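If you scroll down you'll find the structure; I have some questions about it.
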Amino acid sequence: MDTFLEKATPESIKKAAGIILSGGLVAFPTETVYGLGANALSADSCIKIFEAKKRPFFDPLICHVSSVEMIDRIAFAEDTALTVFDKFSPGPITVVMKKKEIIPSIVTSGMDTVAVRIPMHDTALSLIKYSDVPIAAPSANPFGFLSPTEAVHVYDSLHGRIDMIIDGGKCSVGVESTIVSFLDGKLSVLRPGGIGVEELQDVLKMKAEIYSGDLKSAPGMLESHYAPVKKLVLIEEGEAADFSSAALLSFCGQNASRAEHFEVLSRSGDVREAAANLFSALHKIDQLPVSMIYAEMIPEDGIGLAVMNRLRKASAERKYDFETNSDLTKA
Ligand code: TXA
Ligand code: MG
């Protein structure tokens, strides 16, 4: 299959909407990462997402809508959920709610809930408006590997497997949305992301429970994820290590030159800037002529919690290979 790669213009977005409505796959920019979109109302279209990404069917998809009114077509939004959308949307937040019949079960991995988000990106919003359907979209990368924050990341890993990529430049937030649920009456953070937990608690006046690891309430939250091809090891800021055949992912660049190959996330030590640069830096470092990567830990406040969540998962041992369906612990 040929993959169109086009800059975001009204014409290219209309063409992309046509592809979505005829059952195809379009990668598009959001403020967090690039998404791989299909018509969320069509099971046949959504199956193609799982095939292109080699994503296991137990990992449900997020549905993207362009307005609060549109949520009503697919989910039952309680008051707390509506407050979240009111305060934080469009933006990097996803809310899990009871689903309506219209959403096919493949999208939600058979659960009776659906995850919904309103992205804060003109291209994403226009694509949803032109299509006039909710768009199911995971990150546009092969399952388990680095998320894409530039169109070229999508092209390099998925061209030939999807119909179109809309290039909208680099994503401004750089890590995925924060996923929350209120289903048991409490505020549960299923995945830390673009909106900090402190900010959520302040605005909602509720104490958050941070997801502690059961795959039933947050399927897809595997231990190893967001990973470069090369082995990644976490170190303290400034810590010494053997950099003779390793690259350094440095937080603010202090003593970064102790390694021959390095990338700096934020010279001013700003966690937001670090998040925005995280995946681009990891994509670059993964292509360097080194055999492994050392990554400095960063402060875990605000969006820093999401950055550290991604780095921890990137450093976790890969136990299962979804590409070949094999258990790597039984080698
Ligand atoms: O920022 C983002 O959220 C990006 C952009 C493209 O919008 N999307 C994204 O999707 O990160 P993905 O597929 O990489 O992550 C989706 C995760 C699943 O792994 C699962 O943990 C959670 O969302 N999820 C989806 N539906 C759910 C549901 N009904 N209940 C609980 N968790 C759900
Ligand atoms: Mg993903």
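Please list, in chain and number order, the residues 5+ apart from ILE62 or on another chain whose amide H is under 5 Å from its amide H, with Hs placed from the backbone.
Amide H neighbours of ILE62: ALA137.
Percent of accessible area on region 231-315 owned by carbon and sulfur, 1.4 Å probe?
That share works out to 47 percent.
Continuing with the same structure: Output the antiparallel fraction of DSSP beta bridges having both residues in region 75-196, as a percent to the nearest 5.
DSSP beta bridges in region 75-196 are roughly 70 percent antiparallel.
Now a separate question. Round to a whole number: what % of the accessible area of region 4-210 belongs to carbon and sulfur, probe 1.4 Å?
So the carbon and sulfur contribution to the accessible surface is 55 percent.
Can you give me the relative contact order of the chain as a percent, contacts being Cα pairs under 8 Å and 6 or more apart?
19
Sequence-distant or interchain residues sharing an amide H contact under 5 Å with GLU300, placed H: which?
none
Gaussian network model of the chain, Cα springs within a sub-10 Å range: biggest mean-square fluctuation belongs to which of GLU273, GLU176, GLU199?
GLU199
Let me ask something else. Need one word for the chain: rounded, prolate or oblate. Basis is the Cα gyration tensor (sqrt eigenvalues a ≥ b ≥ c); a/c below 1.5 gives rounded, then a/b vs b/c decides.
Prolate is the answer for the chain, as a/c is 1.5 or above and a/b outweighs b/c.
Can you run phi through the Karplus equation (6.51, -1.76, 1.60; θ = phi - 60°) for region 229-244 and list ³J(HN,Hα) in whole Hz, with x for Gly and Pro?
Computed from phi, the couplings for region 229-244 are 5, 7, 5, 10, 10, 7, 9, 6, 4, x, 4, 7, 7, 8, 9, 4 Hz.
In whole Hz, what ³J(HN,Hα) sequence does region 258-273 give by Karplus (6.51, -1.76, 1.60; θ = phi - 60°), x for Gly and Pro?
Once rounded to whole Hz, the list reads 5, 10, 5, 10, 8, 10, 10, 7, 7, 4, 8, x, 8, 5, 5, 5.
Please compare each pair in LYS14/LYS87; LYS54/LYS313; LYS53/LYS313; LYS53/LYS230 to a cut-off of 28 Å on the Cα-Cα distance and tell me which ones are over it.
LYS14/LYS87, as the Cα separations exceed 28 Å there.
Report, for the chain, the % of DSSP beta bridges that are antiparallel, rounded to 5.
Here the antiparallel bridges make up roughly 40 percent for the chain.
Could you pull out every residue, at least 5 positions away or on a different chain, whose amide H is within less than 5 Å of the one on PHE262? Hs are placed 1.01 Å off N in the peptide plane, and Pro or chain starts have none.
Excluding prolines and chain starts, which carry no amide H, the hits are LEU248.
Using the Karplus curve 6.51 cos²θ - 1.76 cosθ + 1.60 with θ = phi - 60°, what ³J(HN,Hα) values do you get for each residue of region 166-178, in whole Hz, with x for Gly and Pro?
9, 8, x, x, 7, 6, 7, 7, x, 10, 5, 5, 6
Could you check which residue among ASN277, ASN255, ASN141 shows the biggest mean-square fluctuation in a GNM of the chain with a 10 Å Cα cutoff?
Result for the chain, Cα springs under 10 Å: ASN255 fluctuates most.
Also, quick follow-up: Using Cα pairs closer than 8 Å and at least 6 residues apart in sequence, work out the relative contact order for region 231-315, in percent.
38
Roughly how many Å² is the accessible area per residue of region 4-210, as a whole number, for a 1.4 Å probe?
Heavy-atom SASA per residue in region 4-210 reads 37 Å².
From the Cα gyration tensor of region 1-145, with a ≥ b ≥ c the square roots of its eigenvalues, which class applies: rounded if a/c is under 1.5, or else prolate if a/b is larger than b/c, or else oblate?
Oblate shape, in that a/c is at least 1.5 and b/c is the bigger or equal ratio.
The values are calculated or read from the model by the stated rules, or taken from the named source; none is laboratory data. Every value quoted in this text rests on a predicted model; they were computed, and no experiment measured them. Remember, those area values only see protein heavy atoms, side chains included, never the ligands or the DNA or RNA. Shrake-Rupley method; radii C 1.70, N 1.55, O 1.52, S 1.80 Å.
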